[in-house]
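The values are calculated or read from the model by the stated rules, or taken from the named source; none is laboratory data. For clarity, every value in this text was computed on a predicted model and none was experimentally measured. A quick note on method: Cβ atoms are made from the backbone with ideal geometry, for glycine too, and the neighbour counts reach across all protein chains shown. With ligands, DNA and RNA removed, areas are computed over all heavy atoms of the protein, side chains included. Shrake-Rupley method; radii C 1.70, N 1.55, O 1.52, S 1.80 Å.
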Amino acid sequence: MSIITEKKLGFGAMRLPLTDAEDPKSIDLVQAQQMVDLFMERGFRYFDTAYPYHDGYSEETVRKCLVERYPRESFLLADKMPILQVKAPEDYDRFFAEQLRRCGVEYFDVYLLHNLGRDRYPNTERFGGFDFLKRLKEQGRARNIGFSFHDDAQTLDRILTDHPEVDVVQLQINYLDWDGAVAQSGRCYEAAARHGKDVIVMEPVKGGQLAKLPDAAMRLFADFYGAQAPSPAGLAIRYAASLEQVKVVLSGMSTPEQVSDNTAYMQNFAPLSSGEHELAVRIAQELKHSIKVPCTGCRYCMEVCPQNIAIPDYFGLLNLHAVTGKKTNMYYQRYSMNRGKASECLKCGLCEQNCPQHIAIRDMLEKFAALYEA
């Protein structure tokens, strides 16, 4: 069953507004409700959540702000099975039942195995993950089935060859990663297209890196568009949405202003012109000169860090320093409150095993510590 949605923008419920910046559970329900209302009011209807988002509170927020306030047929809801936590076949049913309860629904329009890759594929096969998905679809509890994916195109092709029954793949696609050796956005998209799969896009603005461009890249942007320049995030999201197999582009929005901006340029979506596509390529070339760490802020590394080190936050500061040449000690003090410092890394490597971007986290934390803790 193809995903039917008139508008290609989806609401990713992974970066919701907080009342306490240090507590991912402290979701501002009033502001989140305003965001959902504006999104729906403008005719958009695809929402995406997952079991671990906001330390387990994203699904409940979706229930409170969306499910309990709008007719079920008026929106599309996607959720994901936390396969990292599945240790036995019966865990699939247990997690799924909990997700239905948290979200307050009887079915999901899209249901995915979360963050599948070469490391998690063997256990997913061993525990019957794809058989579980097929059963959900047969029972009508999942209208579309598939998986989200952070790995190379060869692995993606292998999984899709083994499991042609899936309807959809959720991929990291953005213009910075399109020709990248790590995320392989372009090659992964082409693999999905060869298998005839619908594509949902995540990280179209690469964790915000393509929403706030450095000065040199902004000059290219401003020179192209002139006085009426749109937001840089708009270029990034439209880049992904212009691809033929892409049905939905997710944006992890954090404020009503971001919802307003994103829905404005996606309201009457127009694919990128050839000039805009060339602009994106030029900006990507410029950015690659400065960014040190290709971190998207997914925080999967922190799920397994025994020292509770705020790895994505520190990498964000490292990238900011690479672009601006400035250290922001105040932010480091805030990020490290009640968390491990970069120098406290045990070198255990668990973070690297869990990193979708395959970043050499231990080495980069050493560089960060040398910069900020010297």
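Which residue, A284, A342, P271, has the largest displacement toward the positive end of the dipole of region 240-343 when charges sit on each Cβ (Lys, Arg +1; Asp, Glu -1)?
A342
GNM, the chain, Cα, under 10 Å: largest mean-square fluctuation among A229, A183, A284?
Among A229, A183, A284, the largest mean-square fluctuation in the Gaussian network model of the chain belongs to A229.
So which of K64/K87; K25/K341; K206/K292; K134/K197 end up more than 25 Å apart, counting from Cα to Cα?
Over 25 Å apart, Cα to Cα: K64/K87.
Gain in length, E244 to V30, computed as 0.36 nm per residue apart minus the alpha-carbon separation, to one decimal in nm?
73.4 nm
Which value in Å does the Kirkwood hydrodynamic radius of the chain take, with 1/r averaged over all unlike C-alpha pairs and then inverted?
Across the chain, the inverse of the average 1/r is 21.2 Å.
When a/c reaches 1.5 or more, the comparison of a/b and b/c decides; with that in mind, is region 33-90 rounded, prolate or oblate per its Cα gyration tensor?
Here region 33-90 falls in the prolate category.
Which semi-axis lengths, in whole Å and largest first, follow from the square roots of five times the eigenvalues of the Cα gyration tensor of region 111-270?
After scaling each eigenvalue by five and taking roots: 33, 17, 13 Å.
Hey, quick one: spin label on R282, modelled 7 Å out along Cα-Cβ, who in region 218-255 has an amide N within reach, i.e. under 14 Å?
The answer is 218-226, whose backbone nitrogens lie closer than 14 Å to the label point.
Which of S274, S254, S148 moves most in a GNM of the chain, Cα contacts under 10 Å?
Of S274, S254, S148, the Gaussian network model singles out S274 as fluctuating most.
Starting from the alpha-carbon convex hull of region 1-152, give the projected area averaged over all orientations, in nm².
Orientation-averaged projected area of the Cα hull: 9.4 nm².
Counting only helical runs of four or more DSSP H residues, what would the 222 nm mean residue ellipticity of the chain come to if each run contributes -39,500 (n - 2.57) and the total is spread over all its residues?
-12000 deg cm²/dmol
For a test of the definition: using alpha carbon positions, the gyration tensor, and the 1.5 limit on a/c, classify region 259-304 as rounded, prolate or oblate.
Because a/c hits 1.5 or more and a/b fails to exceed b/c, region 259-304 counts as oblate.
At 1.4 Å probe size, with the rest of the protein present, what percent of the exposed accessible area of the chain is carbon and sulfur atoms?
Heavy-atom surface of the chain belonging to carbon and sulfur, 1.4 Å probe: 48 percent.
If you take the square roots of the eigenvalues of the alpha-carbon gyration tensor of region 70-112 and sort them as a ≥ b ≥ c, do you get rounded (a/c under 1.5), prolate (a/b over b/c) or oblate?
Note, shape of region 70-112 comes out prolate.
State the three equivalent ellipsoid semi-axes of region 214-272, derived from the C-alpha gyration tensor as the square roots of 5 times its eigenvalues, in descending order and whole Å.
One finds semi-axes of 20, 15, 11 Å for region 214-272.
In the chain, what cysteines have no partner Cβ closer than 4.7 Å?
Within the chain, the cysteines lacking a partner Cβ under 4.7 Å are C65, C103, C188, C295, C298, C305, C345, C348, C355.
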